[in-house]
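Here's the structure we're looking at; comments come further down.
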């Protein structure tokens, strides 16, 4: 019997991959990763294969875990291997600036509702819309200078690497852009 | 010190304390174009520490409240949400604004695959990313023109609206082999890419035999695809002989449109020819050919 999720993928209906639910084996190994729920309703011109969807979901969650760690500790080496190109360069620059200014940013990541909206025919580019619920605190030394909890909207470009999907562009956009 | 002076001093201290306790108020325009400077209004009194936290930059400096804060274009190159914070003592006020991409100034253009068989449906796909000069994705409506130059010298144009900064389309490869150039352009920016259309599978593969003593030479007719495009030199053609001793195969590359193989034949034998997934004719030897 086919699994329900597989059926949904093949029908091209809204697909939800819930890291915390459907990938139970991954959850134990990746308990520290933020929750990422991805749907692929209306994606084109190419459909996402189930395995690709699972990999993208995991790798996107891992990237956000790494971003939060590195911005909190001001360590570029924690940016990990799920970010590349300008995205990595920009975050590295921000971390260097934070370090110089003596500030740091702490995220409490309350999860990402991700919608895959574009997947090129050759499988080389995937575009995602992410509604990220983040509690953010900015510290200057020990002092909190900013606290905010809101939904952030990101337009994301991911490309496949040798064994993982990489975030190449992570652009925060106004809500109306979605 | 008389009472009046004392009262004035107390009032001044209270006022100073009140003003010091007020959190600074910042006002920013809702949206700023990437790479342009901006001025924020900072209400309050006295000095404060100003912070700008953006996607790629963090700025910290002293400001005087009540005066405008100028943020340099250099610090606003990357699109995204920027948090402006001003702290006066223990009190901080903040505002945020969006930096959005400016005008299209760059295209990242992918054309796949680099080699494609002729006459294949939707085999060529083009994807263009529309970026501003700072490499931000341009989300405002934009149309990308794709000019397609074919091997026979003809050309056509296709206009594709970009959605979320991406314009993409697929097209059939044409029937003639050769170079196809596709040039993506928007405003005065253009990016050309070239792919090679190559012959498809062989069509009507056929060979003839020329006996010479114990040996027979097998030679194909010129090998072309169904559109008449010659298959490239080096393409492998397989000749297979089956006789009483078993089966043997010779792989021979195409040279000048033809492939040739030579077998020693004693008794009756059958020889077939194939190229890729295409099977050609079969010849029977040692009896009627």
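Could you compute the FRET efficiency for residue B:201 and residue B:256, with r as their C-beta to C-beta distance and R0 at 25 Å, rounded to 0.05?
Numbers: r = 20 Å, r/R0 = 0.78.
After rounding, the FRET efficiency stands at 0.80.
Once you order the gyration tensor axes a ≥ b ≥ c over the Cα atoms, which shape class does chain B get: rounded for a/c under 1.5, otherwise prolate or oblate by comparing a/b with b/c?
On the way: a/c = 7.41, a/b = 4.17, b/c = 1.78.
In terms of gyration-tensor shape, prolate.
In region A:162-178, which residues have a backbone nitrogen under 12 Å from the label point lying 7 Å from residue A:131's Cα in the Cα-to-Cβ direction?
A:175-176, A:178
If I take R0 = 51 Å and measure r between the Cβ atoms of residue B:91 and residue B:145 in this structure, what FRET efficiency does the formula 1/(1 + (r/R0)^6) give, to the nearest 0.05? Walk me through the intermediate numbers first.
On the way: r = 54 Å, r/R0 = 1.06.
Taking R0 as 51 Å, the efficiency between residue B:91 and residue B:145 is 0.40.
Going out from 0 in 10 Å bins, what whole percent of all Cα-Cα distances in region B:106-198 drops into each bin?
Final binned percentages: 18, 50, 25, 7, 0.
Taking the inverse of the average 1/r across all pairs of different Cα atoms in region A:83-178, what Kirkwood radius in Å do you get? Please list the in-between numbers first.
Working: mean 1/r = 0.0670 Å⁻¹.
One decimal place: 14.9 Å for the Kirkwood radius.
For residue A:76 and residue A:176, what does the FRET efficiency come to when R0 = 22 Å and r is the distance between their Cβ atoms, rounded to the nearest 0.05?
On the way: r = 33 Å, r/R0 = 1.50.
My answer for the efficiency is 0.10.
Provide a whole-number value for the mean count of partner chain Cβ atoms within 10 Å of the Cβ atoms in peptide B:91-101.
Working: counts 0, 7, 1, 5, 0, 3, 0, 7, 2, 4, 2.
Mean shielding by partner chains, rounded to a whole number: 3.
As a test, work out the antiparallel percent of DSSP beta bridges whose residues both lie in region A:72-178, rounded to the nearest 5. Don't skip to the answer; put the middle values down first.
Details: 36 of 37 bridges.
If we restrict to bridges inside region A:72-178, about 95 percent are antiparallel.
Sort B:257-266, B:120-129, B:209-218 by packing, meaning the average of other beta carbons within 10 Å per residue, with the highest value first. Walk me through the intermediate numbers first.
Values: B:257-266: 16.9, B:120-129: 19.5, B:209-218: 13.0.
Answer by packing, highest mean first, reads B:120-129, B:257-266, B:209-218.
Report the normalised scattering of region B:204-258 as log10 I(q)/I(0) at q = 0.15, 0.23, 0.26 Å⁻¹, calculated by the Debye formula with identical scatterers on the alpha carbons.
Per q value, in the given order, log10 I(q)/I(0) is -0.50, -0.97, -1.11.
Cα axis of helix B:3-21 to longest principal axis of chain B: angle in degrees, 0 to 90, nearest 10?
Value to nearest ten degrees: 10.
Give me the distance in nm between label points sitting 7 Å out from Cα along the Cα-to-Cβ direction at residue B:157 and residue B:268, one decimal.
6.8
Which whole number gives the average count of other chain Cβ atoms within 10 Å of the Cβ atoms across peptide A:88-101?
Details: counts 0, 3, 8, 2, 1, 6, 7, 2, 3, 9, 4, 1, 3, 8.
Taking the mean over all residues of the peptide, I get 4.
Let me check against my output: what whole-number percent is the relative contact order of region A:112-178, with C-alpha pairs under 8 Å and at least 6 apart?
On the way: 126 pairs, mean separation 17.0, N = 67.
Over region A:112-178, the number comes to 25 percent.
Taking 8 Å as the Cα distance limit and 6 or more residues as the minimum spacing, I'd like the relative contact order of chain B as a percentage.
Numbers: 728 pairs, mean separation 33.0, N = 289.
It rounds to 11 percent for chain B.
Quick one: work out Rg over Rh on the C-alpha atoms of the protein assembly as shown, Rh as Kirkwood radius.
Working: Rg = 33.0 Å, Rh = 27.2 Å.
Result for the protein assembly as shown is an Rg/Rh of 1.21.
Which whole number gives the average, over all residues in A:165-176, of C-beta atoms from other chains lying within 10 Å of the residue C-beta? The partial results should precede the final answer.
On the way: counts 0, 0, 0, 1, 7, 2, 14, 9, 10, 6, 1, 2.
Other-chain Cβ atoms within 10 Å of each residue's Cβ, averaged: 4.
The numbers here are math on the coordinates, done by the rules we state, and not lab data. None of the values given here were measured: they were computed from a predicted structure. Don't worry about glycine lacking a Cβ; one is built from the backbone with ideal geometry, like all the others, and counts go over all protein chains shown.
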